[in-house]
Amino acid sequence: MDQIASTQLLLSALILASIYALVALGLNLIYGTMRLLNVAHGDLMMLGGYFSYWVFQLVGIGPLWSMFGAVLLTAILGAACYLSIVRYVIGNRELAARLEANSLLIFFGFAIIIQNGLSMAFTSDPRSYGYLNSILAVGDARVELNRLAVLGLGTVASAGCVLFFQFSRFGLATRALIQQRDAASLVGINADRIQLLVFCVGFGMAGLAGSLVSMTETVTPFGGFPYTISAFVVIILGGLGNLGGGILGAVLLAIIEIYGVALTSAAYRSILLYGVFITVLLIRPQGLLGRSAR
Amino acid sequence: MSNLLEATDINAGYGEMQILKHVNFVIREGAITAVIGSNGAGKTTLMRALSGLIALQSGAIHFDGQMIGKLPAYERLDIGLALVPEGRLVFPDFTVHETLRVGAFARRAHAGWKARRDQMYALFPRLLQRRSSRAGSLSGGEQQMLALARGLMSMPKLLLLDEPSLGLAPMMADEVFSQLRAIRDQGITICIVEQNVQAALGLADYGYVFEDGQVRMEGPAADLLGLGSIRESYLGL
């Protein structure tokens, strides 16, 4: 029982929550605004992770700086993806009718390209590096400095993103678009521009998450998929398209995962994750903070 | 009075389906124009075409001396053309307050939006009472007022209204109609599509009767109200 009440576990849960929140935000934004399921989200993270890995290996600059580059790289990729494929699909009447299903195929293809591209370029060896890895004592817990950095930066970025969408003009327009597309254009909102920006921000968040995670975890070409799954569970917990709900979902999932594994064993991690997923879908498919379908 | 909007020989519809057939349609500045007709006559399609929600198949629309036939809907707000759509289409999760803020999203409406919001609260005291409520939780009448106020927040020269009394209790509908008069008196041109023919023609200066996607009749509203055929077909007299 001592172990359950320990600062160590609490800290682990918070760190995991901050990662989940950040990963889920980008996914949630794109799904909420356009009903596009970006199954390549975790792979974009790996792209950000590789970027920070190579910048560290080649020029010795750590992710605290290279994360900006990772955001820029993935955001540009987001813009390219939107302008080249998604805009065309949305604009085409027949394709747009099957948008949600088509988006799965598009992003699945995108995921395969990223995975194999990374694998070809960098081999499939797991990559990691030591950065900010001195160990600190927090209360009676011991934690590496880089994990605290993930917690701090992840929290700041997630909170900043949620506040931005809550209070900025662009955020107001995005939330209007999420609720009512026709009405949004009737108040003068240019859906095309909002969608482009949402793609940049959504992809950029994935890049940022990957860059941060690369400090503490190994990066592999095929390592993104578990993150995609976790992010899906998080946003379904919180309510699809509900950014604030996603933060709550991230905290909940992290607590369930960390404490669940501590109480049982690491072998149960997947069972817990999918168990929560299926339970929520059965009992409250609209998510904890979501409202029933309109 | 000059023409604020002129639609010339417009054809419009959804995909392959053509609804509006060779429609010529004029809205005079400062007046209230009513569009009446049975269900499926193309009234809503006309509103969607004028506001840019659907593209024209052919024809031209002039607004305030500008060709707007190919302008996307969101840019029509910038030149002062707003639609209060059928079914109101409120943003269900926005509060009344947020709705009015986003209503002033168009470039021309940025400046002074707070003062205009206060004007809206003066015009619709009920909205002031419910300013922190979610739009989705408002009653039908309140949602209609909110949609109307949202449209006015964009500082339109022309306000298009699609079935503003649909689903409202008679008293509520009367209230909406009397507010339309007040809005017209502020110098905003109005075009209204209505099921309630008596009320619409009573309010309007000029009327159009649509049938099967075409203009069947037009004339001063008072004259249309007096016509036997109108009374028979639409008023059941």
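Below, the figures for the structure above:
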quantity	calculated
Beta bridges by DSSP in chain B, antiparallel share as percent, to the nearest 5	55 percent
Helix A:63-81 axis, angle to chain A major axis (alpha carbon atoms, nearest 10°)	30 degrees
Whole-Å semi-axes of the ellipsoid equivalent to region A:1-118 (Cα gyration tensor, √5λ, descending)	32, 21, 11
Cα gyration tensor of the protein assembly as shown - equivalent ellipsoid semi-axes, whole Å, descending	54, 24, 20
Label point at B:L71 placed 7 Å out along Cα→Cβ; residues across region B:86-110 whose backbone nitrogen lies under 16 Å	B:105-110
Enclosed volume per residue, in Å³, of the convex hull spanned by Cα atoms of region B:3-234	113 Å³
Residues listed by number, region B:85-116, amide nitrogen under 17 Å from B:L166 label point at 7 Å toward C-beta	B:85-92
Extended-chain gain in nm, criterion 0.36 nm per residue less alpha-carbon gap, A:Y259 and A:D182	23.2 nm
Acute angle (nearest 10 degrees) that the helix A:99-122 long axis makes with the longest principal axis of chain A, alpha-carbon atoms	40 degrees
Förster-model FRET efficiency, 35 Å R0, B:R131 and B:Q195, C-beta, rounded to 0.05	0.70
Sparse-neighbour loop sites [GluC sites (Glu not before Pro); region B:1-100; at most 13 other C-beta within 10 Å; DSSP]	B:E16
Å³ per residue enclosed by the Cα convex hull of region B:137-214	110 Å³
Lysines with Cα under 28 Å of B:K70, excluding same-chain neighbours fewer than 8 positions away	B:K21, B:K43, B:K157
Overall dimensions of region A:169-236 by Cα: Rg and Dmax, Å	16.0, 48
Acute angle (nearest 10 degrees) that the helix A:169-179 long axis makes with the longest principal axis of chain A, alpha-carbon atoms	70 degrees
Alpha-carbon spread of region B:102-237, three principal axes, descending order, Å	48, 30, 26
For region A:7-283, average projected area of the Cα convex hull in nm²	15.2 nm²
Charge tally in the Cβ shell below 15 Å around B:L160, where Lys, Arg are +1 and Asp, Glu are -1, B:L160 excluded	0
The protein assembly as shown - share of DSSP beta bridges that are antiparallel (%, nearest 5)	60 percent
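Values in this text are rule-based calculations from the coordinates and carry no lab data. No experiment lies behind these values; they were computed from the predicted model shown. Here the Cβ is made from the backbone with ideal geometry for all residues, glycine too, and neighbour counts use every protein chain on show.
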